[in-house]
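What follows is a short report on a single structure.
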Amino acid sequence: MFAAAHQSRVIRATSHISALHQLRSVGATSIRLKHKQSKSSQNWIQRQKKDPYVQKAQAQGLPSRASFKLQEINETHYPALIKKKGIPVNGKNKRLLQPRMNVVDLGASPGGWSLYASTQVKEGTIVAIDLLPLDDTKISLNLPNFNFIQGDFTESETKQLIVDALVQERANLVMSDMAQNFLGDSQTDALRTLNLCEQALVFSAGGSCFDSSYSPKSDEGMLAPGGSFLCKFFSCGKENEEDLMQAAKRAFRNVHVIKPKSSRKESSEMYLLAIDRRD
Ligand SMILES: C[S@@+](CC[C@H](N)C(=O)[O-])C[C@H]1O[C@@H](n2cnc3c(N)ncnc32)[C@H](O)[C@@H]1O
(Lines give C-alpha, C1' and ligand atoms only; values in the text may rest on other atoms or scores of the structure.)
Protein backbone atom coordinates (compact mmCIF):
# COMPACT_ATOMS: atom_id res chain seq x y z
CA MET A 1 0.00 0.00 0.00
CA PHE A 2 2.73 2.47 0.85
CA ALA A 3 4.86 3.38 -2.09
CA ALA A 4 8.19 1.61 -1.68
CA ALA A 5 9.42 3.79 -4.51
CA HIS A 6 9.54 6.96 -2.39
CA GLN A 7 13.14 8.11 -2.46
CA SER A 8 15.10 9.77 0.32
CA ARG A 9 15.65 13.38 -0.48
CA VAL A 10 16.46 16.75 0.98
CA ILE A 11 14.40 19.69 -0.20
CA ARG A 12 15.05 23.32 0.73
CA ALA A 13 12.28 25.88 0.91
CA THR A 14 14.60 28.77 1.56
CA SER A 15 12.46 31.88 1.20
CA HIS A 16 12.30 32.89 4.88
CA ILE A 17 15.26 31.07 6.41
CA SER A 18 17.30 33.57 8.36
CA ALA A 19 20.94 34.33 7.72
CA LEU A 20 21.94 32.19 10.70
CA HIS A 21 19.99 29.24 9.38
CA GLN A 22 21.52 29.72 5.94
CA LEU A 23 25.00 29.78 7.47
CA ARG A 24 24.32 26.55 9.29
CA SER A 25 22.95 24.96 6.15
CA VAL A 26 26.28 25.54 4.41
CA GLY A 27 28.18 23.99 7.28
CA ALA A 28 29.15 26.95 9.49
CA THR A 29 29.62 25.38 12.88
CA SER A 30 30.54 28.35 15.00
CA ILE A 31 29.63 31.98 15.05
CA ARG A 32 31.65 34.37 17.20
CA LEU A 33 29.39 36.28 19.53
CA LYS A 34 30.58 39.59 20.90
CA HIS A 35 28.48 39.65 24.06
CA LYS A 36 29.14 37.64 27.22
CA GLN A 37 27.06 34.55 27.95
CA SER A 38 23.98 35.42 29.99
CA LYS A 39 23.43 33.84 33.39
CA SER A 40 20.51 31.82 32.00
CA SER A 41 22.56 30.36 29.15
CA GLN A 42 25.39 29.52 31.59
CA ASN A 43 22.81 27.70 33.75
CA TRP A 44 21.48 25.91 30.68
CA ILE A 45 24.99 24.71 29.76
CA GLN A 46 25.58 23.47 33.32
CA ARG A 47 22.23 21.61 33.30
CA GLN A 48 23.04 20.05 29.93
CA LYS A 49 26.40 18.78 31.24
CA LYS A 50 24.76 17.08 34.24
CA ASP A 51 21.62 15.77 32.50
CA PRO A 52 21.68 11.93 32.38
CA TYR A 53 19.59 11.89 29.16
CA VAL A 54 22.07 14.23 27.46
CA GLN A 55 24.90 11.93 28.54
CA LYS A 56 22.99 8.86 27.32
CA ALA A 57 22.22 10.53 23.97
CA GLN A 58 25.90 11.41 23.54
CA ALA A 59 27.01 7.88 24.45
CA GLN A 60 24.58 6.41 21.92
CA GLY A 61 25.51 8.93 19.20
CA LEU A 62 21.96 10.33 19.03
CA PRO A 63 21.32 13.82 17.63
CA SER A 64 19.41 14.92 20.76
CA ARG A 65 17.96 13.79 24.09
CA ALA A 66 14.50 14.31 22.53
CA SER A 67 14.69 10.75 21.13
CA PHE A 68 14.05 9.39 24.64
CA LYS A 69 10.81 11.37 25.00
CA LEU A 70 9.36 9.99 21.78
CA GLN A 71 10.57 6.51 22.72
CA GLU A 72 8.89 6.80 26.12
CA ILE A 73 5.62 8.07 24.62
CA ASN A 74 5.70 5.28 22.05
CA GLU A 75 6.67 2.39 24.32
CA THR A 76 5.12 3.37 27.67
CA HIS A 77 2.46 6.10 27.52
CA TYR A 78 0.69 5.08 24.33
CA PRO A 79 0.25 1.37 25.26
CA ALA A 80 -0.91 2.38 28.78
CA LEU A 81 -3.53 4.75 27.32
CA ILE A 82 -4.82 2.12 24.90
CA LYS A 83 -5.09 -0.34 27.79
CA LYS A 84 -6.83 2.19 30.06
CA LYS A 85 -9.42 2.95 27.38
CA GLY A 86 -10.11 -0.78 27.01
CA ILE A 87 -9.16 -0.68 23.33
CA PRO A 88 -8.16 -4.22 22.28
CA VAL A 89 -4.43 -4.31 21.57
CA ASN A 90 -3.48 -5.97 18.32
CA GLY A 91 -0.44 -5.98 16.03
CA LYS A 92 -1.58 -2.68 14.49
CA ASN A 93 -2.16 -0.48 17.52
CA LYS A 94 0.48 -1.81 19.93
CA ARG A 95 2.58 1.33 19.49
CA LEU A 96 2.06 4.90 18.33
CA LEU A 97 4.74 4.36 15.68
CA GLN A 98 3.94 1.34 13.56
CA PRO A 99 6.01 -0.42 10.92
CA ARG A 100 3.70 0.62 8.07
CA MET A 101 2.79 4.24 8.37
CA ASN A 102 3.45 7.68 6.94
CA VAL A 103 4.85 10.09 9.52
CA VAL A 104 5.27 13.87 9.36
CA ASP A 105 7.87 15.15 11.85
CA LEU A 106 7.52 18.92 12.34
CA GLY A 107 10.46 20.67 14.01
CA ALA A 108 12.79 17.76 13.33
CA SER A 109 16.25 19.30 13.77
CA PRO A 110 18.75 18.08 14.91
CA GLY A 111 17.00 14.74 14.22
CA GLY A 112 16.33 12.82 17.45
CA TRP A 113 12.65 12.08 16.75
CA SER A 114 13.30 11.34 13.07
CA LEU A 115 16.07 8.91 13.94
CA TYR A 116 13.93 7.09 16.51
CA ALA A 117 10.92 7.06 14.13
CA SER A 118 13.10 5.54 11.41
CA THR A 119 13.88 2.58 13.68
CA GLN A 120 10.12 1.89 14.05
CA VAL A 121 8.71 2.68 10.61
CA LYS A 122 9.83 0.10 8.10
CA GLU A 123 7.56 0.47 5.11
CA GLY A 124 6.03 3.92 5.24
CA THR A 125 7.46 7.34 4.53
CA ILE A 126 8.87 9.83 7.04
CA VAL A 127 8.77 13.50 6.05
CA ALA A 128 10.82 15.69 8.42
CA ILE A 129 10.65 19.50 8.36
CA ASP A 130 12.70 22.17 10.10
CA LEU A 131 13.99 25.68 9.63
CA LEU A 132 17.43 24.28 10.46
CA PRO A 133 19.33 21.41 8.85
CA LEU A 134 19.45 17.99 10.50
CA ASP A 135 22.68 16.92 12.16
CA ASP A 136 23.89 14.73 9.32
CA THR A 137 26.83 13.52 11.40
CA LYS A 138 24.28 11.65 13.56
CA ILE A 139 21.38 10.94 11.22
CA SER A 140 21.86 9.75 7.66
CA LEU A 141 19.80 11.67 5.16
CA ASN A 142 19.90 8.51 3.02
CA LEU A 143 17.62 6.53 5.31
CA PRO A 144 15.15 4.57 3.19
CA ASN A 145 11.91 6.47 2.46
CA PHE A 146 13.08 9.49 4.43
CA ASN A 147 12.57 13.03 3.19
CA PHE A 148 13.85 16.20 4.79
CA ILE A 149 12.43 19.60 3.94
CA GLN A 150 14.35 22.60 5.20
CA GLY A 151 11.85 25.40 5.50
CA ASP A 152 9.29 27.21 7.60
CA PHE A 153 6.31 24.95 8.29
CA THR A 154 3.96 27.92 8.59
CA GLU A 155 4.49 28.85 4.95
CA SER A 156 2.14 27.40 2.38
CA GLU A 157 5.04 26.55 0.08
CA THR A 158 6.51 24.24 2.76
CA LYS A 159 3.13 22.60 3.43
CA GLN A 160 2.81 21.90 -0.28
CA LEU A 161 6.26 20.26 -0.25
CA ILE A 162 5.06 17.95 2.55
CA VAL A 163 1.98 17.03 0.52
CA ASP A 164 4.18 16.38 -2.51
CA ALA A 165 6.61 14.23 -0.51
CA LEU A 166 3.77 11.91 0.52
CA VAL A 167 2.88 11.38 -3.15
CA GLN A 168 -0.90 11.53 -2.81
CA GLU A 169 -0.97 9.44 0.36
CA ARG A 170 -2.09 10.78 3.71
CA ALA A 171 -0.19 10.80 6.97
CA ASN A 172 -1.01 8.35 9.77
CA LEU A 173 0.88 10.36 12.38
CA VAL A 174 1.72 14.06 12.50
CA MET A 175 4.08 14.89 15.35
CA SER A 176 5.35 18.33 16.24
CA ASP A 177 8.26 19.12 18.51
CA MET A 178 8.44 22.64 17.06
CA ALA A 179 9.37 25.37 19.48
CA GLN A 180 9.83 29.05 18.77
CA ASN A 181 13.13 30.63 19.73
CA PHE A 182 12.79 31.78 23.32
CA LEU A 183 12.52 35.56 23.70
CA GLY A 184 12.86 35.49 27.49
CA ASP A 185 9.31 35.95 28.73
CA SER A 186 8.10 32.42 29.47
CA GLN A 187 4.40 33.14 28.94
CA THR A 188 5.04 34.84 25.58
CA ASP A 189 7.36 32.00 24.56
CA ALA A 190 4.74 29.41 25.52
CA LEU A 191 1.99 31.22 23.60
CA ARG A 192 4.15 31.44 20.48
CA THR A 193 4.80 27.68 20.59
CA LEU A 194 1.10 27.02 21.29
CA ASN A 195 0.36 28.87 18.08
CA LEU A 196 2.63 26.44 16.20
CA CYS A 197 0.67 23.53 17.76
CA GLU A 198 -2.59 25.05 16.55
CA GLN A 199 -1.17 25.44 13.06
CA ALA A 200 0.03 21.83 13.14
CA LEU A 201 -3.46 20.68 14.16
CA VAL A 202 -5.08 22.71 11.36
CA PHE A 203 -2.63 21.11 8.93
CA SER A 204 -3.50 17.66 10.31
CA ALA A 205 -7.26 17.80 10.78
CA GLY A 206 -8.39 20.99 9.03
CA GLY A 207 -9.33 24.36 10.50
CA SER A 208 -12.98 23.51 11.13
CA CYS A 209 -12.20 21.48 14.28
CA PHE A 210 -11.64 24.88 15.95
CA ASP A 211 -15.37 25.65 15.43
CA SER A 212 -17.75 24.55 18.17
CA SER A 213 -20.25 23.45 15.47
CA TYR A 214 -17.72 20.99 14.03
CA SER A 215 -18.84 17.73 12.59
CA PRO A 216 -16.02 15.40 11.53
CA LYS A 217 -14.77 15.99 8.00
CA SER A 218 -12.00 13.50 7.51
CA ASP A 219 -11.34 14.74 3.98
CA GLU A 220 -9.86 17.94 5.46
CA GLY A 221 -6.21 18.00 6.56
CA MET A 222 -3.27 15.66 6.03
CA LEU A 223 -4.17 12.96 8.52
CA ALA A 224 -6.01 9.84 7.44
CA PRO A 225 -9.03 8.71 9.52
CA GLY A 226 -7.74 6.72 12.49
CA GLY A 227 -4.49 8.72 12.44
CA SER A 228 -2.80 10.33 15.45
CA PHE A 229 -1.42 13.74 16.37
CA LEU A 230 1.33 14.47 18.89
CA CYS A 231 2.57 17.95 19.74
CA LYS A 232 4.75 19.60 22.34
CA PHE A 233 3.48 22.71 24.08
CA PHE A 234 4.60 24.71 27.09
CA SER A 235 2.05 24.98 29.84
CA CYS A 236 0.57 28.50 29.73
CA GLY A 237 -2.75 28.31 31.54
CA LYS A 238 -5.87 26.27 30.80
CA GLU A 239 -7.65 29.31 29.37
CA ASN A 240 -4.97 29.62 26.67
CA GLU A 241 -4.70 25.89 26.00
CA GLU A 242 -8.47 25.39 25.84
CA ASP A 243 -8.94 26.06 22.10
CA LEU A 244 -6.27 23.52 21.18
CA MET A 245 -7.63 20.88 23.59
CA GLN A 246 -11.24 21.33 22.47
CA ALA A 247 -10.29 21.24 18.79
CA ALA A 248 -8.32 18.03 19.35
CA LYS A 249 -11.26 16.46 21.21
CA ARG A 250 -13.57 17.30 18.32
CA ALA A 251 -11.28 15.75 15.74
CA PHE A 252 -9.96 12.69 17.67
CA ARG A 253 -11.58 9.98 19.78
CA ASN A 254 -8.90 9.95 22.52
CA VAL A 255 -7.02 13.00 23.72
CA HIS A 256 -4.41 13.03 26.51
CA VAL A 257 -1.79 15.32 27.98
CA ILE A 258 1.50 13.63 28.86
CA LYS A 259 4.59 14.62 30.82
CA PRO A 260 7.27 12.02 30.02
CA LYS A 261 9.79 11.18 32.77
CA SER A 262 12.53 12.02 30.28
CA SER A 263 11.21 15.61 30.08
CA ARG A 264 12.94 17.79 32.66
CA LYS A 265 10.76 18.28 35.75
CA GLU A 266 11.51 21.98 35.87
CA SER A 267 10.45 22.45 32.24
CA SER A 268 6.82 23.39 31.57
CA GLU A 269 6.83 21.30 28.40
CA MET A 270 3.94 18.88 27.96
CA TYR A 271 2.76 16.71 25.09
CA LEU A 272 -0.71 16.55 23.65
CA LEU A 273 -1.42 13.10 22.24
CA ALA A 274 -4.60 12.77 20.18
CA ILE A 275 -5.36 9.25 18.99
CA ASP A 276 -7.75 7.93 16.36
CA ARG A 277 -8.94 10.70 14.08
CA ARG A 278 -12.71 10.65 13.70
CA ASP A 279 -14.18 10.07 10.26
C1 LIG B 1 13.17 21.22 20.32
S2 LIG B 1 13.72 21.42 18.70
C3 LIG B 1 13.24 19.89 17.99
C4 LIG B 1 14.07 18.69 18.41
C5 LIG B 1 13.85 17.51 17.47
N6 LIG B 1 12.47 17.07 17.48
C7 LIG B 1 14.73 16.34 17.82
O8 LIG B 1 14.21 15.30 18.14
O9 LIG B 1 15.94 16.45 17.69
C10 LIG B 1 12.54 22.52 18.02
C11 LIG B 1 12.72 22.78 16.54
O12 LIG B 1 11.57 23.45 16.01
C13 LIG B 1 12.01 24.14 14.87
N14 LIG B 1 11.01 25.11 14.42
C15 LIG B 1 10.51 26.17 15.11
N16 LIG B 1 9.64 26.83 14.35
C17 LIG B 1 9.56 26.19 13.16
C18 LIG B 1 8.84 26.41 11.96
N19 LIG B 1 7.99 27.45 11.83
N20 LIG B 1 9.00 25.55 10.93
C21 LIG B 1 9.85 24.51 11.05
N22 LIG B 1 10.57 24.26 12.16
C23 LIG B 1 10.43 25.08 13.20
C24 LIG B 1 13.31 24.79 15.36
O25 LIG B 1 14.11 25.18 14.28
C26 LIG B 1 13.92 23.67 16.21
O27 LIG B 1 14.88 22.94 15.50
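Lys/Arg Cβ at +1, Asp/Glu Cβ at -1, dipole of the range 228-271 taken about the Cα centre: which of SER268, PHE233, VAL257 is farthest positive-ward?
Farthest along the dipole direction, towards plus: VAL257.
Please work out whether the range 115-222 counts as rounded, prolate or oblate from its C-alpha gyration tensor, where a ≥ b ≥ c are the square roots of the eigenvalues and a/c under 1.5 means rounded, while otherwise a/b larger than b/c means prolate and anything else oblate?
oblate
Return the loop-located GluC sites (Glu not before Pro) in the range 198-279 (DSSP other than H, G, I, E, B) with at most 13 other Cβ atoms within 10 Å of their own Cβ; answer none if there are none.
Hits after loop and neighbour filter: GLU266.
Report, ordered by chain and residue number, the aspartates and glutamates lying within cross-link reach of LYS159, taken as a straight Cα distance under 13 Å and ignoring same-chain residues fewer than 8 apart.
Cα-Cα hits under 13 Å: ASP105, ASP130.
By per-residue mean of other Cβ atoms within 10 Å, what is the highest-first order of 212-219, 89-96?
Result, highest mean Cβ count within 10 Å first: 89-96, 212-219.
Accessible area per residue for the chain in Å², computed with a 1.4 Å probe and the full protein assembly in place, what is it?
Spelled out: the 1.4 Å probe surface of the chain, per residue, equals 51 Å².
No partner Cβ under 4.7 angstrom, meaning no disulfide-compatible partner by this rule: which Cys of the chain qualify?
Here CYS209, CYS236 come out as lacking a disulfide-compatible partner, given the Cβ-Cβ threshold of under 4.7 Å.
Count the net charge of all other residues whose Cβ sits under 10 Å from the Cβ of LEU272, scoring Lys and Arg as +1 and Asp and Glu as -1.
Once all neighbours under 10 Å are counted, the net charge is 0.
Based on the mean of other beta carbon atoms within 10 Å per residue, what is the order of 190-197, 145-152, most packed first?
Per-residue mean Cβ counts within 10 Å order the peptides as 145-152, 190-197.
Just tell me which aspartates and glutamates come within less than 19 Å, Cα to Cα, of LYS50; anything on the same chain fewer than 8 places away is out.
Result set, ordered by chain and number: GLU266.
Report the equivalent ellipsoid semi-axes for the range 56-165 in whole Å, largest first, defined as the square roots of five times the eigenvalues of the gyration tensor built from alpha carbon atoms.
25, 18, 12
Explain nothing, just the number: dipole magnitude of the range 47-115 about its Cα centre with +1 on each Lys and Arg Cβ and -1 on each Asp and Glu Cβ, in debye rounded to the nearest 20.
So the magnitude is around 240 debye.
Determine the gain in length on full extension of the stretch ASN254-LYS217; use 0.36 nm per residue of separation and subtract their C-alpha separation, reporting nm with one decimal.
Separation in residues times 0.36 nm, less the Cα-Cα distance, equals 11.6 nm.
Treat every Asp and Glu Cβ in the chain as -1 and every Lys and Arg Cβ as +1, leave all other atoms uncharged, and give the resulting dipole magnitude about the Cα centre to the nearest 20 debye.
That gives a dipole near 1180 debye.
Given LYS69/LYS238; LYS94/LYS249; LYS92/LYS265; LYS56/LYS261; LYS238/LYS265, which pairs have Cα atoms separated by over 26 Å?
LYS92/LYS265
I need the shape label for the range 77-125. Rule: rounded when a/c is under 1.5, else prolate if a/b > b/c, else oblate, with a, b, c from the alpha carbon gyration tensor.
Prolate, because a/c is 1.5 or more and a/b exceeds b/c.
In 5 Å bins starting at zero, report the fraction of Cα pairs in the chain per bin as a rounded %.
Over the chain, the share of Cα pairs per 5 Å bin runs 1, 5, 12, 16, 20, 19, 14, 8, 4, 1, 0, 0 percent.
Can you list the DSSP H helices in the chain whose Cα atoms extend at least 15 Å along the helix axis and whose mean Kyte-Doolittle hydropathy is -0.5 or higher?
186-205
The values are calculated or read from the model by the stated rules, or taken from the named source; none is laboratory data. The shown structure was predicted, so the numbers you read here are calculated from the model rather than taken from an experiment. Glycine also receives a Cβ, built like all others from the backbone with ideal geometry; neighbour counts cover every protein chain displayed. Just the protein is used for accessible areas: all its heavy atoms, side chains included, with ligands, DNA and RNA removed. Shrake-Rupley method; radii C 1.70, N 1.55, O 1.52, S 1.80 Å.
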